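Below you'll find the structure, written out as structure tokens, and then a few comments.
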Amino acid sequence: MSPKTFLRTILTALIVAALLPASAWATEQTGKIRGTVTGDGGVPLAGATLVASSPNMQGERSVTTEDAGVYWMPGLPPGEYVLKASAPGYRSWVKEGVRININTTLTIDIELSTTTLTEEVTVVDDRPVIDTSTSTSTTVVTREYLEALPTGRSYQSAVQFTPGITGGSNPNAQGGHSSENKWLLDGANTSDPVTGTFSFNFNLDAIDEIEVITGAFRAENGGSLGAIINVRTKSGSNKLEGGLRAFFGNGNWSPKRDAVYTPRGGQIEGSEFDRDSQSYDINAFFGGPLLKDKIWFFTSFRYIRNSSTSQGAITPRVFDGYNLFGKVTLSPFPRNQFIVSVQNGPASIGNVLQNSTVDPDAQRYQSQNSLVLTGEWRWQITNNVLARVHYSHLDTDIDVTPQPCTWVEDPRLKQCNGDQPEGFVDFTTPGVIGTGGARSTTNQYYYSLNDRQRDAIRATVTGYALTPIGSHEIKGGMEFSRLSADNMFGYTGNLYYVDYLDDASDASSQINGYWRESQGELYQNNSGLAAFVFLQDTWEPVPGLTIDLGVKYDHSDLQNDVGESIVAFDFLSPVGGISWDPANNGRAKIYAGGGIVLDEGRLSVAGFLDKNGLGRKLFLGPYFDNETNYSFNQYSADSGQSNYEKLDNLSAPRVYNVIAGFEVNLGNQTKLGMEGAVKLFRNIWEDDEVNYIWNGDGTDTIGVVNGLQDNFFRLRTPNAAERNWFGLTFKLQRQMFKNLLLDVNYTYSMTRGLTAAPISAALDNPTQRPYEYGWLYIDRPHVIKASAAYLLPLGFQVGGTFNFTSGSRFDRRFTSKGGGYNNFVAEIGTFDSVNPWWSLDIKVMYKLKLPYGKLFASAELNNVTNNRQATGISTSVLNSAGEYYASGRQAPMGLELGFGYEF
Amino acid sequence: MNSKPLAALAALLTLVGCDSDEEDVPERNLDGTVIVRGDLVRDHLGGDPRRLGVVYIGVYEGFDEEQLGYPYPKTGPRVGDNPVGDALPYGGTSIGSYAYGCYRALSCNVVTGRYASLHEVLEVNPLSVDDQAVDDETLYDQCSWYYGWNSIEEFSFIGAEQLDFRENADGDYEASFRAWHGRTPEGAVVYAFVDNDFTTCSPDNGTVNRQRPYDGVFFREGTNYGDILNFPDTYLNGGDFLSSSPPVVEAGRQDGYTVVVDMLKE
């Protein structure tokens, strides 16, 4: 194809894709193979035929080489492939076991021979394990990895194996905040439109691979300051498959120990605690052909229930939820594929408040649901042009209410009374909140009904062309996302009481303190759009050298509850990278890349300047006559009146990212690599509280501007709001080969800056500014992750993971004054960290082959050594040094037994 | 040479990574110096500047010497139980703040920036526990116990380098201030007063502390009230100092203001 024709085709396809009503593009869900076919003496062979086949692909994919013997085979679903090459007059060539991972490119150069025409050469040498064509930092958690290793049956936990990822289910990725990741399901953006966190749980048995991109994003990625986490689901195949799996977990059988440390690691509270912890997890999946090579389906079901009681809490917290997933893949005619899927996950969480001072009557209940609908069309327009369009709809409901009552006589449960029916939710009785050690009684005081939606329409076209200056893989695309969040909230009975202890040391000194009244329910609606276009070129000027260049143009417009544009910016971000395979044999690469990635924003940022938020009419009780109370700052007399002020001309929060590293194939499906990375986060969202007047030391407030007693916020993105991450990772990875799977990585990193928060209050008090830059609590200097699995004879398999993580950083002067904001973070004295933590998980599995499938049994032992982990910072009590306690509740040693049948 | 590609490249580079400038915040810092007359210190604080209380500086719309009978900012109307109306400051700050001196008896008595050493703290605030005078070493141990401080450099409320006031050639005491992040309209006045009797400190407020080794026994370290610049009259008592002729804010000038504290509140 001539360059002109090629460009015309690209342009046409882009226009076609953009005009489709439900067109969309998503992060790539497939991989590709490329290479050169040569004949005797290394002469490029034009017209050679390449055929790829796999159980994961409908039919076969066939391409022919161009004049220079070059072939390009995009859009291959991840899986094991057989690649065949043939040319008239040459002996056929076959390579088996070619592993394609999501969003990766394998370079396979083929030399055909004329030695004996009738024979076929089957190549059984080492399979390629290095994607030499990219500088992007990507980790793929494969299906075999998920099967063999103890992952807690949660995709969020599986993500933790990735280098540079720390934290919990919503992780910190290379210095990013937990709300700064982008969560994708089959490429569709399923991040919570309000919080930016994951929006649903999922059935692990329905997951094929998880792709985690942490650095040197291509132009097609982006919109996320942290990681891009893409869950790719199974699609079914020509072979019928199914299974039923059940797991039971028990965390009650081991001794529990509390983890409450001072910042210097000393334990300050008793070590024993009661914790009830049990779980049931039942899974079923079924997939296969509806019409061979034409229509496939895959469906899965999961029911999960777990209950746990934290120390001192009266009533167990009970999570009860389902996950339903269905996917149909159609290939009605050649070169076209249509995919539709639905995922639904209703769940409820009873007795949410696991606090020793909460009575069962005052418990909180949360019901939630997530619905994701996707539709995709992949169109291989020509051998060298692939178009993809994608639509996704996400709908998440999160409703918080008082706990429904029951007539079951059990003092641990909220009891019905009078003529209340079973399951009655009391929205009329005011609640009582306990503070400072007092008890919460009577009723949950607060309710909130949330509905969040995200619709995304995307389209991309990828083309491949040979030019006099090398090969180009050009990709262009666009995305248009609409986000909305409806929130209705109020106080039960439009009233609530607050009890407090008159004497903090005396529980009997509880006083019914004060009350507030709202004028009724409040409604907030935030909405907006995020759109972008991008263009990128993967250019291989000479064999073995790949240069990535790309540019992305973003437009964001997120609005507050009265329709004012709060997050509104346009941003042009360039990215680029270079990857060099010195020997041009696919066995090593040296790479570097980077660019600018922006935070496209979340509705919580726009909602920060909602006008109805403090529009409640409050009648202040006696407690407010006490001039020592700060809570009057929340008083607002006028309903619906803006108490805020916003500023235009925001600079988009962004990260400047540079990475460099190398990978070497050691043989036996094993690669060794090292990567250094820098992420400089700039212009982080900052809520500027402008009505306070601070004292000279910045330790407290001494007045309010113009007598205003409202929190008076301003959204800013000042240059000073920064965070920096520097990391060096060493990794050794071996795919399952000769019965052994191995993944070991070590990351040394530094996380410093002004704030670890996505919306910072750190700059509220300017006097702190010179001192605030320092270690952030998310800093984890040393992280080691080691995983291994081995296939034993007779169907046994053993796997284990080891995780070592440095403890959280603590500032010696991390304290809070006035309004609950953590304003004082002075770099004085030495810094402390809580103790490091390590854990070992082991999984043993046995599979018994039967005539029509396999019976399996598994045992997973988590936290084998029953270690304690300080997981957080206590916000309730400050110690005498003005520090928070590091606190945490050990995830106790737990045993999970599983059994099932699959075919 | 075809200049179009270069122009396009230049345009691209101009746009790259750029959007709009950082917002223009209307609030500005205001810098200046407070001078406390030496004779006030000599006559009413025994000549010991370490006894100077927290100095509060406010930027107010106006000044009125008549309404309360002594120099005082203009106020808004009286509301509720307030003795006078809100003085409605535009902004302000303080020189020094209340520090917890590691003993309950020192709560609301120790001001930062006044003491070079623990010995000086005890010299001004002699302290006894169980009829035993607390000495430097005991105070050091007590603070180390409470705060986990390992060296004298970590004691945040003492230090020769941290002293706010210096005696100038005229025998007055001088300290610089920066009123952060406030509006400073032309014609506003910069008013200051010194709370020598520590009535601006509330023992019921401040950081919650834990009485070691008893878990669950808490107390407050004490800190200033939150409306001092709004209602200075509430806190101005006999023995406090104030400025009788505050400087006026000039258009476009954000520094160099000198506030002279020259009057005793009778």
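For this structure, a couple of remarks:
- Diffusion coefficient, µm² s⁻¹, Stokes-Einstein with Kirkwood Rh over alpha-carbon pairs of the stretch A:145-245 at 4 °C and 1.567 mPa s: 91 µm²/s
- Share of carbon and sulfur in the accessible heavy-atom surface of the stretch B:128-255 [1.4 Å probe, %]: 44 percent
- Count Lys and Arg as plus one, Asp and Glu as minus one, and take only other residues whose Cβ is under 10 Å from that of B:Q67; the net charge is then -3.
- Rounded to whole Å, the principal axis extents of the Cα atoms in the stretch A:436-587 read 84, 39, 21, largest first.
- q = 0.14, 0.19, 0.21, 0.22 Å⁻¹, the stretch A:429-476: log10 I(q)/I(0) [Debye, one scatterer per Cα]: -0.64, -0.79, -0.83, -0.86
- Pairwise alpha-carbon distances in the stretch A:330-369 exceed 17 Å for 59% of all pairs.
- Surface share of carbon and sulfur [accessible, 1.4 angstrom probe, percent] for the stretch A:528-599: 68 percent
- For the stretch A:446-461, 3J(HN,Hα) per residue [Karplus equation, 6.51 cos²θ - 1.76 cosθ + 1.60, θ = phi - 60°, Hz, x = Gly/Pro]: 10, 9, 7, 10, 10, 10, 10, 9, 9, 10, 10, 10, 9, 8, 9, 9
- Accessible area per residue was computed with a 1.4 Å probe on protein heavy atoms; A:D40 scores about 70 Å².
- Of the GluC sites (Glu not before Pro) found in the stretch A:382-475, those that fall in a DSSP loop while having at most 10 other beta-carbon atoms within 10 Å are A:E409, A:E422.
- Other residues within the sphere of radius under 14 Å centred on the Cβ of B:A188, judged by their own Cβ, net out at -1 (K and R +1, D and E -1).
- Pairwise Cα inverse-distance average, inverted: Kirkwood Rh of the stretch A:346-406 (Å): 15.2 Å
- What the stretch A:662-703 shows is 22 Å² of accessible area per residue, with the surface traced by a 1.4 Å probe over protein heavy atoms.
- Antiparallel %, DSSP beta bridges [both residues in the stretch A:149-235], to 5: 75 percent
- A:V690 sits with roughly 10 Å² accessible to a 1.4 Å probe, with DNA, RNA and ligands left out of the calculation.
- Under the combined filter of DSSP loop state and at most 14 neighbouring Cβ atoms within 10 Å, the stretch B:139-190 retains these GluC sites (Glu not before Pro): B:E186.
- Shape call, the stretch B:43-136: gyration tensor on alpha carbons, a/c limit 1.5: prolate
- With Rh defined as the Kirkwood radius, the inverse of the mean 1/r over Cα pairs, the Rg/Rh of the stretch A:276-338 is 1.34.
- According to the calculation over all Cα-Cα pairs in the stretch B:18-174, the P(r) per 10 Å bin from zero is 9, 27, 27, 22, 13, 2, 0 %.
- Per residue of peptide B:223-234, the mean number of Cβ atoms on other chains within 10 Å of the residue Cβ is 6.
- Sites A:I295 and A:D397, calculated FRET efficiency, Cβ-Cβ separation with R0 35 Å, nearest 0.05: 0.65
- Cα shape, the stretch B:110-155, gyration tensor, a/c 1.5 rule: oblate
- Surface burial for B against A, with a 1.4 Å probe and both sides summed, reaches about 4500 Å² of accessible area.
- Estimated from the Cβ-Cβ distance and a Förster radius of 30 angstrom, the FRET efficiency linking B:N150 and A:F802 is about 0.30.
- Sparse-neighbourhood loop sites, trypsin sites (Lys or Arg not before Pro) in the stretch B:76-132 - DSSP loop, at most 16 other Cβ within 10 angstrom: B:R78
- In the stretch B:138-170, the residues that give up 50 Å² or more of accessible area when the other protein chains are added, compared with the chain on its own (1.4 Å probe), are B:Y147, B:E154.
The values are calculated or read from the model by the stated rules, or taken from the named source; none is laboratory data. Small disclaimer: the values here were computed from a predicted structure and weren't measured. All Cβ positions, even for glycine, are placed from backbone atoms using ideal geometry, and neighbour counts span all protein chains on display. The area values use the complete protein model at the heavy-atom level, side chains included, leaving out ligands, DNA and RNA. Shrake-Rupley method; radii C 1.70, N 1.55, O 1.52, S 1.80 Å.
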